[in-house]
Amino acid sequence: MAIAEMSKLNLVAMAYDKDAVLNALSGTGAVEIKSHGEEADASPLAFDCDELRTYLSRLDEARAKLADACAKAIKEDKSLYGGGEISFAEFMAAKELRARAEECADKIFDCENERKKIQSAISRLDKQLEIAKIYSGATEPLKSESTAHVKFRLGAAPAAGVKALEAALAGNKLAAYSIICGDAENSVIMVAAHKSIAEETDGALSAAGFADCPFAGDKSGEQIYRSLVEERKKLESELEEISAKLVGLKDELRPLEIYCDYTAFELEKAELSEKMLATQKTILIEAYVPEEEEERVSAALSGTGRPLYFGFSKPSEEETPPTLLKNNKVVKNFEAVTNMYSPPNYREFDPNTIMAFFYSVFLGFIMADIGYGLMMIIGGLFVKLKTNRRDTMLGRLGGVFAVGGIFTIIWGFLFNSFFGFALLPFRVMPDMQGAAMSWSLAGIKVPALLIISMIIGVCQLFAGYVCLAVQDFRRGKIWDGVWDGIVWAVFSAGVELALCGFIDEFGAPVLKLVGGIIAGISLLTAILTAGRKEKLLGKFTKGFGSAYGVINYASDILSYARLYGLMLAGAVIADIVTSNSVALMSSGNVALIILGVLIMVIGHVFNLAIGLLGAYIHDARLQYVEFYGRFYEGEGELFAPLGSKHKYVYITN
């Protein structure tokens, strides 16, 4: 439960050794390059990264196209996927893959260009086929040759247009038409008209929606349609051949992905140039290194065999080093929750261990069912293991739900609930929905679980003030820690005792007096000390503000009522699903029994999913606002060592 102490590395190396030095630093996985301060006779190291970015973009695009083409093959053979483990030595040797990767990318883009040409041809062909289908019933050549006195026109018109044409040409002995073929929507017609009325006939055809036949020659409409269909089949066959060519490159996917990550590493090193300074012959680098890694980084630099100078020093108070959290494997999962809000800054107290406990308690309280807890553990571990060794956001959330599942089982035993069934002949906690679910708080009947939610909330507020005190103590602000942290923590303890004393079922009315005295004295102390750093009027206003803060304190306690609301909603749905399913399964009818089982499974899975979504959001909200609002500063930047960002591979060492 700590933030790693950082040292500052100052390094001077020959300019031509820059790449070798950065590779050595990357191999440690423990060095983050920082922007170098100004130095006399040194200037920022310039480097144009645009060409390398374009190059990497092309490789990534080729990789994406190959992965899409080989998706089915990858499912059948996971070894084809490049997201596996690789040693640092293998990763650095990836520069030898350049020619192979570029050749593969060229083949992929050649196939892609050919595919686009064929797809464009198919698109044009489909438009022709749409028209040719209208003429497919014509068994004679599609000819319409005019004579010296008669103009012939062959084409198609919609069914409604044919009727209009018939009406327009009725009684005109110098014009006639014949329907050659057609369907319910369109008809192919041959129109013959004396050239003396050609203009009049053309107008009637235009009004009828007539379109001249785009096909001409000695082939019939049937032959033309068949030839177009065959041509389309040929193009589709060519598309399949291209797909087969891409699938044939499946063994190149892993090398291509490794080389993509290696190129990204080269780009990262190039982009770091702007953080370095350079003289005529040397480069100057500043970086942050965890204190416990100094020896290993020193060994890596010395092992390069290059002439260089380096040393470690403490960061100054004006500097803000990156944050490297040092938590155990369980708590590390909950860092994802904090980081979504804001990572802790380097100079503050890491709250993740305490937050993880309360987050799990609240999550378990909301779900509060043995069956749901088991499902959360199984599902969470599945997601966690599915991410392999990659430290992903999804994997961490899987760990959060798995740990929350343990607390869900504990609360489930206390509430005696297993998918809504009562397993034990007794329950420790009050019934969620039964007649005995209310307690008397100062003579007023209040849901027992609502009171328990607020009691749990006061416990977290107490912990928040203790964290504030610890943070001040660590910074040497002893009296600030006492007056701003310990005093309010004692106030919270007094509120807790008084709250318990007002509950008739607890049978301890003396706690009202004890808690009231503790809360009163501590509140008075807080009011008197709030303005200790102010002058005259400031002391009064600060004290008044501290007294007014009790109202906000009360509203914060009420915020924990959401725990009760979410739990009750889930419990009611679980009870409805279980009771209805049991009723169906008790009918003796096979169909109803099957239906009951389906309702049981689907209903509880749905309730678990909805419950977890609400619990995850509202639980996080309580941590961010009510808990972190007491002491947390945040706005830190997570430690990101050189060479730690990879899209496709996981470097094991």
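No value in this document is a laboratory result; all are computed from the given coordinates. Not measured: the values here are computed from a predicted model. In this analysis, Cβ positions are derived from the backbone assuming ideal geometry, glycine residues included, and neighbour counts consider all displayed protein chains.
Subtracting the Cα-Cα distance of SER123 and ILE551 from their residue separation scaled by 0.36 nm leaves 147.1 nm.
For PHE462, PHE365, PHE627, the sequence from fewest to most other C-beta atoms within 10 Å is PHE462, PHE627, PHE365.
Computed FRET efficiency, Cβ-Cβ of GLU38 and TYR16, R0 30 Å: what is it to the nearest 0.05?
Numbers: r = 24 Å, r/R0 = 0.79.
Calculated value: 0.80.
Label zone of CYS459 (point 7 Å out along Cα→Cβ, amide N under 19 Å): in region 346-371 this covers 352-370. For the pair LYS245 and LYS163, label points projected 7 Å from Cα toward Cβ lie 5.3 nm apart. Checking (1) 1.49; (2) 0.99; (3) 1.09 against Cα Rg over 2.2 N^0.38 Å calculated from these atoms, the matching label is (1). Site pair PHE544 and LEU638 shows an inter-label distance of 4.6 nm when each label is modelled 7 Å from Cα along Cα→Cβ.
The angle separating the long axis of helix 18-28 from the principal Cα axis of greatest extent in the chain is about 60 degrees.
Taking other Cβ atoms within 10 Å as a rough exposure proxy, ILE518, ILE283 sort from fewest to most as ILE518, ILE283. Near PHE210: Cβ cut-off under 12 Å, other residues only, Lys/Arg at +1 and Asp/Glu at -1. The net charge is -1. Distance between the modelled labels on LYS116 and SER144, one decimal in nanometres: 3.8 nm (7 Å Cα→Cβ projection).
Around ALA569, what is the net charge, scoring Lys/Arg as +1 and Asp/Glu as -1 over all other residues with Cβ under 15 Å from its Cβ? Please report the intermediate quantities before stating the final value.
Numbers: positive: ARG562; negative: ASP369, ASP575, ASP619.
Surrounding charge for ALA569 is -2.
Which of rounded, prolate, oblate describes region 238-348, given a ≥ b ≥ c as roots of the alpha-carbon gyration tensor eigenvalues and a/c under 1.5 marking rounded, otherwise prolate only if a/b is larger than b/c? Spell out each step's value before the answer.
Working: a/c = 2.56, a/b = 1.46, b/c = 1.75.
Taking the square roots of the gyration eigenvalues as a ≥ b ≥ c, region 238-348 is oblate.
Taking amide H positions as modeled 1.01 Å from N, with prolines and chain starts lacking one, the residues under 5 Å from ALA278 and 5 or more places away or on another chain are SER43, LEU45, LEU284. Available extension along the chain between ASP391 and ILE517 is 40.4 nm, counting 0.36 nm per residue and deducting the alpha carbon span.
Our coupling estimate for region 88-102, obtained by passing each phi through the Karplus curve with A = 6.51, B = -1.76, C = 1.60 and θ = phi - 60°, is 5, 4, 5, 5, 5, 6, 5, 4, 6, 8, 4, 4, 5, 5, 5 Hz, Gly and Pro reported as x. Once you sort the root eigenvalues of the Cα gyration tensor of region 326-630 as a ≥ b ≥ c, which label holds: rounded (a/c under 1.5), prolate (a/b larger than b/c) or oblate (the other case)? It is oblate, given that a/c is not under 1.5 and a/b is not larger than b/c.
Averaging the Cα positions of each part gives two centres, and for region 391-406 and region 422-482 these lie 25 Å apart. Amide H to amide H distances under 5 Å link GLY531 with GLY543, where only residues 5 or more positions off or on other chains count and H is placed in the peptide plane.
Restricting things to Cα coordinates, could you compute the convex hull volume per residue of region 143-212 in Å³?
Taking only Cα atoms, region 143-212 has a hull volume of 72 Å³ per residue.
Just rank THR338, THR387, fewest to most, by other beta-carbon atoms within 10 angstrom.
On the way: THR338 24, THR387 16.
Going from least to most buried by this count: THR387, THR338.
Against the chain, whose longest principal axis comes from its Cα atoms, helix 50-69 is set at around 70 degrees.
In a simple Cβ point-charge model (Lys, Arg +1; Asp, Glu -1; nothing else charged), the chain has a dipole of about 1320 debye relative to its Cα centre. Principal-axis analysis of the Cα atoms of the chain puts helix 329-341 at an angle of about 70° to the longest axis.
Length gained on full extension, LYS234 to ASP218, computed as 0.36 nm times the residue gap minus the Cα-Cα distance: 3.4 nm.
Scalar couplings 3J(HN,Hα) for region 223-237, obtained by applying the Karplus form with A = 6.51, B = -1.76, C = 1.60 to θ = phi - 60°, are 5, 4, 4, 5, 5, 5, 4, 5, 5, 5, 4, 5, 5, 5, 5 Hz; x denotes Gly and Pro.
Relative protection proxy for 161-173, 187-199, 351-363, 260-272, from highest mean packing down: 351-363, 260-272, 187-199, 161-173 (other beta-carbon atoms within 10 angstrom).
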